[in-house]
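For reference, the structure is listed below as structure tokens.
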């Protein structure tokens, strides 16, 4: 298993949880997922469990600071030939950029779990339904987490 986490605080929490749970099959990479090799500004929130590449609306005039982080394509982080069966993404509206950097991985037809935040995607300058368009374009079915509903586009949930 490969886990990517760009933020220093969240990275420490992740590594501690891995140790506490005796998970010896997790490789943790201190990097964010994106569509190419770059660096980015991670905006920090007063609640350290919340960091985002988008500035928090309630903290425009003095958030908890920023952290410069490395961003890389998931396709470059996962060795060629290593199958991927599950991808979980929670990056506050930037899911499309991470998936654009995972085209090879998506050919394995993994289950992709992500949170739909259409307003956050739009704030990031990305198309509202970009994740849906990309995933359906590669033939992945789209369903709600409980599997009861198929979805065609990101609703206002």
Problem set entry | Residue list for the stretch 78-95, restricted to those being within 8 Å of the chain's Cα centre (by Cα) and assigned to a strand (DSSP E or B) | 88, 89
Problem set entry | the stretch 1-26 residues that are more than 18 Å from residue 77 (Cβ to Cβ), paired with ones that are part of a loop (DSSP other than H, G, I, E, B) (beta carbon under 6 Å, 6 or more apart) | 9/48
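Residue-by-condition table, conditions (1) in contact (Cβ under 8 Å) with a residue 24 or more places away in the chain; (2) out of contact with any strand residue (DSSP E or B) (no Cβ under 6 Å at 6 or more places or on another chain):
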{"site": "100", "(1), (2)": "yes, yes"}
{"site": "108", "(1), (2)": "yes, yes"}
{"site": "113", "(1), (2)": "yes, no"}
{"site": "117", "(1), (2)": "yes, yes"}
{"site": "128", "(1), (2)": "yes, yes"}
{"site": "146", "(1), (2)": "no, yes"}
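Conditions tested, residue by residue: (1) modelled with pLDDT of 95 or more; (2) more than 29 Å from residue 124 (Cα to Cα).
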{"position": "9", "(1), (2)": "no, no"}
{"position": "20", "(1), (2)": "yes, yes"}
{"position": "30", "(1), (2)": "yes, no"}
{"position": "39", "(1), (2)": "no, no"}
{"position": "48", "(1), (2)": "no, no"}
Problem set entry | Of all residues making up the stretch 55-105, the number that are at positive phi and at pLDDT 95 or above | 0
Seminar exercise, completed: By residue number, the members of the stretch 22-52 that are over 25 Å from residue 105 (Cβ atoms) and part of a loop (DSSP other than H, G, I, E, B) are 22, 45, 46, 47, 48, 49, 50
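The values are calculated or read from the model by the stated rules, or taken from the named source; none is laboratory data. Computed from a predicted structure; not experimentally measured. Cβ: placed from backbone, ideal geometry, glycine included. Neighbour counts: every protein chain shown.
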